[in-house]
Each structure stands twice: as structure tokens, then as C-alpha cells.
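The values are calculated or read from the model by the stated rules, or taken from the named source; none is laboratory data. Note that the coordinates shown come from a computational prediction; the quantities given were computed from them, not determined experimentally. All Cβ positions, even for glycine, are placed from backbone atoms using ideal geometry, and neighbour counts span all protein chains on display. Note: accessible area is taken over every heavy atom of the protein model, side chains too, but ligands, DNA and RNA are not part of it. Shrake-Rupley method; radii C 1.70, N 1.55, O 1.52, S 1.80 Å.
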Amino acid sequence: MGKVGFGVKTLYKTAFQSSECPYCGSRETTLVERKHMILQLRKCGQCMLSFRFPKDELSENNSFYQNAYRESTVTDLPATSELPGHIKNNFRNVGRDLTDHLQTIKAIAPSGKLLDYGSSWGYCVHQFRDAGYDAYGFEISRTRVEYGRKMLQVELSHSVETFADASFDVIYSAHCLEHIPNPAIPLVQFARLLKPGGHLFIYVPNCGGAEARKLGVRWGPMIGEKHVLALTAEFFHNNLPNYGFENLCFASSPYASAPQRYELSALEGEELLVVGVRS
Ligand SMILES: [Zn+2]
């Protein structure tokens, strides 16, 4: 959506929307900081979620990722002739080079059936498959799913409901949750899809880290049109146990040491990793 369209919609919603927490429903939310006058970063005093106000409805979030986001998707998707070069470079310039993440994940959960939740066109699924996992991807955009299936021959689905209960050993979700208006939606699915003892790996911008604290909403990844949540280790520490996750561990980039318990972790880097075990 253009800047003007987003601004008009934002002003309209500010006038009519309640500022209660999009996750736990508490009315006890406080204004942390404003961005560009019209956006607010708010924090819930009950569940500790920080979120953008005004909020997105789920329906408009879905249509955004099918339509508005699709325009850039089509131009972003590599041409057939470029693809072999990107595969060779671990998709460094068009997606995500998984080398760093794989090192951590392999050390904790070295094999099994893996789901990439929010997989885009499958550049990580492709790398997980090469690393020996039985890898699948869930992606809301049909355009990206079709591209990945055809061009990378990876297993992608645009409906998470197609995957059976307790069918995965590992769930990986990188830079996805901050786009979803209500974190309960992915967390319920993670709990449903993982086998007991299965591992969850969540990577998000670290909105509790040093840069985030120094710059506030001026830190790019914090909140905006696409990022509707500002996620922190504090939020996951408080809420993941409610979904049947235990032994929570945390780390932040550049991942010099293995993930540690919340109380022991420094977590000042720009990317946050949360690891949980399904009980
Ligand atoms: Zn809340």
C-alpha cells in the first residue's frame, strides 16, 4: 500500500479502534512511544506484548500478504536463469543464507521432519533438505508457494491445516511472527504440530536488544506497516509455557555461544533466537 493510503487507513482506525492487547485482550496497555505522529508502540501490562497501534485485523493482514505484498514478490522472485547461482550462494542475496541458523539448530535437533513456518518461496526449506532434514514449508502467499514448488521442487503449502497433529520433530520460524497481529495464532499451531519432545526455533528482530532500546521506534525493525509486533525475550519467557513449551533457551546474534536460560542470557544483539521443547 502507498504511504498515503496507509496513513489514511491508520487515522481512521485510530479513531474507532480500542487499544486493548491484541493477544490477551487486557485493557491495561500503555503508550511507549509514537512513530511518525500516527503510529503508537504500546505495551500490555498483563502479557508484556509490545504492539503497533492501530492494529491490523486478521482479514486485512491476510489480504495484505496475498495482494499488496505480492507486487514486490513478483519483482523479487529470481528469474529462472539466475536461480542456479542463488542456490550455489545459499540464497544470500534473495532470501536467507541459513549457515548460521543451521549450525545452532543442528547442534540441538540434528535430524527429522521439519516445518519452516513462514517459508516464503522455500529458500530455507531447500537448505534444510540439503542439510538432511525432511523439510516442509508453510507460506500464506500462493504466488510464493507456487514459485517454490515449481522452481525449487520443495514441499510447500499455503494452508497450515494440511499438516497433521504432532507430525514434526522441528519447527523453524524466522522473521515471521512480527508480521502476525495475534501471536496466539502461530503459537497454537506450533503446539499442535510438534511431537512431544520436538523443538521450536523462533527467530525475530530483537526488540529488547541494545539497538532497540537505544533507538526506540527509530530502530527500523521495531514497528511499521509490515511489523505489527515488537517481540522480546520477556514476552516469550512469560507466554510460551502456556502453550506447552518448556526448557526455554535464548540467544541473540551473532550467536557466539549456545542458547541459554532466560536469566543467564545477555541478549543484546539485533536478532533474537528462542528455543523451546514441546512437553
Ligand atoms: Zn496482553
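Each residue in region 29-67 was checked for being within 12 Å of the ligand (Cβ to nearest atom), of a type outside the set (D, E, K, R) and open to solvent by 30 Å² or more (accessible area, probe 1.4 Å), and 4 pass.
Looking at the structure I just gave you, is Tyr147 in contact with a Leu (Cβ under 7 Å, 6 or more places away or on another chain) and closer than 20 Å to Gly276 by Cα? In short, no. Residue check: is Gly122 farther than 27 Å from Ala233 by Cβ, crowded, with 20+ Cβ neighbours inside 10 Å and in contact with an Asp or Glu (Cβ under 8 Å, 6 or more places away or on another chain)? Spelling it out, Gly122 is indeed farther than 27 Å from Ala233 by Cβ, crowded, with 20+ Cβ neighbours inside 10 Å and in contact with an Asp or Glu (Cβ under 8 Å, 6 or more places away or on another chain).
Can you tell me which residues in region 14-28 are among the polar types (S, T, N, Q) and either open to solvent by 50 Å² or more (accessible area, probe 1.4 Å) or more than 9 Å from the ligand (Cβ to nearest atom) (or both)? Scanning region 14-28 gives Thr14, Gln17, Ser18, Ser19.
Scanning region 166-176 for residues that are out of contact with any helix residue (DSSP H, G or I) (no Cβ under 6 Å at 6 or more places or on another chain) and open to solvent by less than 10 Å² (accessible area, probe 1.4 Å) yields Val170, Tyr172, Ser173, Ala174. Of a type in the set (Phe, Trp, Tyr), under 23 Å from Pro241 (Cα atoms) and either assigned to a loop (DSSP other than H, G, I, E, B) or in contact with a helix residue (DSSP H, G or I) (Cβ under 8 Å, 6 or more places away or on another chain) (or both), is that true of Tyr203? The answer is yes for Tyr203.
Number of residues in region 188-215 that are touching a Phe, Trp or Tyr at 6+ places or on another chain (Cβ under 6 Å) and either among the β-branched types (Val, Ile, Thr) or open to solvent by 40 Å² or more (accessible area, probe 1.4 Å) (or both) equals 1. Identify, please: which residue in region 88-110 is hydrophobic (A, V, I, L, M, F, W, C) and in contact (Cβ under 8 Å) with a residue 40 or more places away in the chain and is, among those, surrounded by the fewest Cβ atoms within 10 Å (Cβ to Cβ)? Per the stated criteria, the residue is Ala107. On the basis of being among the charged types (D, E, K, R) and in contact with a helix residue (DSSP H, G or I) (Cβ under 6 Å, 6 or more places away or on another chain), does Glu139 make the cut? Yes: the conditions hold for Glu139.
Within region 139-165, the set of residues being touching a residue at least 24 places away in the same chain (Cβ under 8 Å) and under 20 Å from Ile87 (Cα atoms) comprises Thr143, Arg144, Val145, Tyr147, Gly148, Arg149, Met151, Leu152, Val154, Glu155, Leu156.
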